[in-house]
Every structure is written in structure tokens, then in C-alpha cells.
Amino acid sequence: MTTGTETGSRTDHKAAAESKLWTIVAIVAAIAFALAGMVYRAGGDDEGDPTGDAAAPIADGDHHGYVRVIDDGGIEVDLVEVLTGEEAADAAHEDGVLEPSEPSMPNDVYIRNAETKWVEVDRAADASLALYDCTTTCQPIAADWGAFLGGTASAYNGDLAVYELTVADGEISELAEIYLP
């Protein structure tokens, strides 16, 4: 037979256990909601922009950048700086890519990409395209946009290729691969 003290003790333990359980459930729920909010914010807007901010179009003029073809046959560009000589070494030292004891970049070129930000850019109907053909003399040759957009014509440096692009009236009018040994 149990006494009132034993019953009360069991009830206290049961209540304490239930209280701990509900505390754990509340903490797990709070963490789940916090993570869900972080995932939602990181997801961006409905237009597919992961930052939630609309990317500014690329200004008219000459630029350097990485280029990728997107699913609908469009082009996205991530602008970079192509630096050579002392300017390349200074920037590489500043960015921590070169140790202070290293005087220059290999091949004397430094590609600085301060911020990866892909921006979709339209292509002018009469835009020119030049890719390096290194099967013979490693010279730039005029390339076919259809083959490039379809993935059957590729740059000499593949996904690491850097391009010089000219933008006019918000559209790419010239796209040329830069030779990087």
C-alpha cells in the first residue's frame, strides 16, 4: 500500500518530467521556427534572386567577367577585375592571396572577384563571340552563339574562362574569351 507521501512524490516526479518534456518541445519548436525563418530569408524573392535584392544591370561599357549559360539559353555574368603586373601583385597582397615575401603573381595575372554576383544580361541580336581555339595556334576565332549556348562550343579554359564583354544599351554586343595561360 502506498502512503500519501509516496503518491505525492510520484506525482511531483511525473509533473517535473512532463515539465521538462514540454520545455524540450518548446525549445525544439523555437529552433525549428528560427531555422525556417532563416531559410525563407535566404531564399530571396519569387524571381529566383537568392539575395532578395534585384541585381543592378551591368552598365554600358567594357567589362571582364565569368560567363555562364542558364537554362533558358540566357547569359549570366559575374564581373571581375583582371589585373596584371605590379597592380596584380599589390591587389593579391592586399587580398592575402600572395605572401608578403612573394613578389608577383604566377603568369603576372590576378583575377579579383570581390563579390560573386551573377547578373542576367541580354545579348544583342548581332553580338559577336570569340573563343580561343588552341588545337592549332591558340588564337581567338569567331564562334557560333548557338553552339556556345547549347554547350557544344566551349571556352579554352572551360568554366574558369574569363571574358571581355562590351555592353551597349544594356545588351552584350561583344563577348571574347581572354587567353590565360
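None of the figures in this text is laboratory data; all of them are computed from the coordinates on show. The structure presented is a predicted model; accordingly, all values stated were derived computationally and were not measured. Cβ placement follows ideal geometry from the backbone for every residue including glycine, while neighbour counts extend to all protein chains displayed.
Points to keep in mind about this one:
- Leu149 satisfies every condition listed in (1) part of a strand (DSSP E or B); (2) surrounded by 11 or more Cβ atoms within 10 Å (Cβ to Cβ); (3) among the hydrophobic types (A, V, I, L, M, F, W, C) except (1).
- Single condition Ala89 does not satisfy, out of (1) over 17 Å from Val162 (Cα atoms); (2) in contact with a Phe, Trp or Tyr (Cβ under 6 Å, 6 or more places away or on another chain); (3) of a type in the set (A, V, I, L, M, F, W, C): (2)
- Residues considered: Glu177, Glu76. Of these, the only one that is touching a Phe, Trp or Tyr at 6+ places or on another chain (Cβ under 6 Å), surrounded by 16 or more Cβ atoms within 10 Å (Cβ to Cβ) and farther than 17 Å from Pro57 by Cα is Glu177.
- Flag if Thr166 is β-branched (Val, Ile, Thr) and part of a loop (DSSP other than H, G, I, E, B): no
- Of residues in segment 93-111 being outside any loop (DSSP other than H, G, I, E, B) and at positive phi, the one surrounded by the fewest Cβ atoms within 10 Å (Cβ to Cβ): Asn107
- Candidate set: segment 79-92, residues that are in contact with a strand residue (DSSP E or B) (Cβ under 6 Å, 6 or more places away or on another chain) and hydrophobic (A, V, I, L, M, F, W, C); chosen: the one surrounded by the most Cβ atoms within 10 Å (Cβ to Cβ): Ala88
- Annotation note: Cβ proximity below 8 Å between a residue of segment 75-102 that is touching a residue at least 40 places away in the same chain (Cβ under 8 Å) and over 22 Å from Pro181 (Cβ atoms) and a residue that is among the polar types (S, T, N, Q) and assigned to a helix (DSSP H, G or I) (sequence gap 6+ or interchain) occurs for no pair.
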